[in-house]
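The values are calculated or read from the model by the stated rules, or taken from the named source; none is laboratory data. Keep in mind the model is a prediction, meaning the values are calculated, not measured. Glycine gets a Cβ as well: all are built from the backbone with ideal geometry, and neighbour counts include every protein chain shown. Please note that ligands, DNA and RNA were not included when accessible areas were found on the heavy atoms of the full protein model with its side chains. Shrake-Rupley method; radii C 1.70, N 1.55, O 1.52, S 1.80 Å.
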Amino acid sequence: MKTINWGILGAARVNQRLLPAIENNPHSKVIMLASRRDGAAEECIHQYSKYPSEVKASQDFDEVIQHPDIHAIYIPLANEEHTEVALKAIQHKKHVLIEKPMALTKKEVESITQAAKDNNHVVVMEGFMYVFHPQFDFIQQMIVSGKLGQVQYTHSMFSFPIQPARYYRINRSMQDGGGAFWDIGPYAIHTLRQIMGGHIKQVNASAKVNTHQADMSTSGILEFTDHRRATFDISFECVRRSEFEIFGDKGRLKCHTVWQHEDDEALVSYELDGGKTTTEKIPKGNHFDLEIDHFVDCILNNKESDKLSMGDAVQQAATMEAVYQSIQNSQWVSV
Ligand SMILES: NC(=O)c1ccc[n+]([C@@H]2O[C@H](COP(=O)([O-])OP(=O)(O)OC[C@H]3O[C@@H](n4cnc5c(N)ncnc54)[C@H](OP(=O)(O)O)[C@@H]3O)[C@@H](O)[C@H]2O)c1
């Protein structure tokens, strides 16, 4: 079977997770990694690659994008840089895995969708690894089975105190892609959309911003067209929380650690029909490996992802954009 040669754009920290995941896939080989900073690509390759001598370092993104032997490109750049680079890669007929958030606006995601269609229907996917974890399958089965009844409300929480080494994330405004909202907000909001299903009518959110106009904490509410609600709370100031809780009319379920590292325990607790709480230990899964396996399967079988479709990416961007506007204007915003 064909080998997928990968290029990576950016010596980002998340390569610690994704570079080994790509290398763990039996049909994949990372052949190039580029960073605009002197020596950063070499350092990243030596830190995270299992086969450093096989990965060429570059300082030129175009060298990767135009490389005739590269089939797929992973984009872990700063959020506001994703669209321009993705469009360029797609125009060179590369399959593209884009870190979340795919882009900062619905219009940008639509332009990426159109570009993919216009260029041999290359596979493009937003990197929400958590949907590939076995615990997420378990939770979706609980919902589909009707054990929780009709899901009426979900609450998601993601927080950790931001470390000084990461202050560059909060020293630029939300408008320029800075702050907690663009960084960890996509997870909290995407999860609500996945669990609740249906269409969002309007959103309302409020943020506490720092002197750079980057949000340190944001809370918000999503109202669905059938009047069900979901809420999220994200923060760079609170202790670590990486969880969500679902409330149906027959039961409730809590996922204790969701946007997690591969070695974290996967615990799900639920209470059905007013009975005792049951806590299940779900087998651990490396969701980064599973994400890459799924993306590669889509490439090899020439199909769009059914788990993270471009339609989902457009709706996700529309929701994020509406929440951002609500924060700016202190009012409900239609999606
Ligand atoms: N899926 C996940 O679990 C996960 C986790 C974290 C982040 N993310 C997403 O992945 C993307 C990258 O996040 P990240 O936290 O890994 O990013 P990061 O380390 O801040 O790097 C982002 C980009 O900024 C540049 N950069 C890195 N360190 C820098 C420094 N010290 N000074 C100046 N520039 C620097 C790099 O480009 P150059 O090398 O070209 O300079 C890099 O590609 C984002 O879209 C984020 O939302 C996903």
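Counted by Cβ distance under 12 Å from Gln66, the other residues give a net charge of -1, where Lys and Arg count +1 and Asp and Glu count -1. Simple point charges give the picture: +1 on the Cβ of Lys and Arg, -1 on the Cβ of Asp and Glu, and for the stretch 189-262 a dipole about the Cα centre of about 160 debye. Note on the chain: GNM, Cα springs under 10 Å; of Ser53, Ser156, Ser242, the largest mean-square fluctuation is that of Ser53. Among the protein heavy atoms of the chain, carbon and sulfur supply 47% of the accessible surface, probe 1.4 Å, non-protein parts ignored. Summing Cβ point charges (Lys, Arg +1; Asp, Glu -1) relative to the Cα centre of the chain gives a dipole of roughly 440 debye.
Beyond 31 Å in Cα-Cα separation lie the following of the pairs Lys94/Lys254; Lys281/Lys307; Lys100/Lys276: Lys94/Lys254; Lys100/Lys276. Bridge orientation summary for the stretch 1-123: considering DSSP beta bridges with both residues in this region, about 0 percent are antiparallel. Put a plus charge on the Cβ of each Lys and Arg, a minus charge on the Cβ of each Asp and Glu, and nothing anywhere else: the dipole of the stretch 1-74 about its Cα centre is then about 300 debye. Hey, in the GNM for the chain with a 10 angstrom Cα cutoff, which one of Phe138, Phe224, Phe128 fluctuates hardest? Maximum fluctuation in the GNM of the chain, among the listed residues, is at Phe138. Given the options Thr211, Thr319, Thr154, state which has the largest fluctuation in a GNM of the chain using a 10 Å cut-off (strictly under) for Cα springs. Checking each option, the largest mean-square fluctuation is seen for Thr211. Other residues lying with their Cβ under 12 Å from the Cβ of Pro26 contribute a combined charge of -2, Lys and Arg counting +1, Asp and Glu -1. To the nearest ten degrees, helix 134-144 and the longest principal axis of the Cα atoms of the chain are 40 degrees apart. Here is how the number arises for the chain: DSSP H runs of 4 or more residues each give -39500 (n - 2.57), the sum is divided by the residue count, and the result at 222 nm is -9500 deg cm²/dmol.
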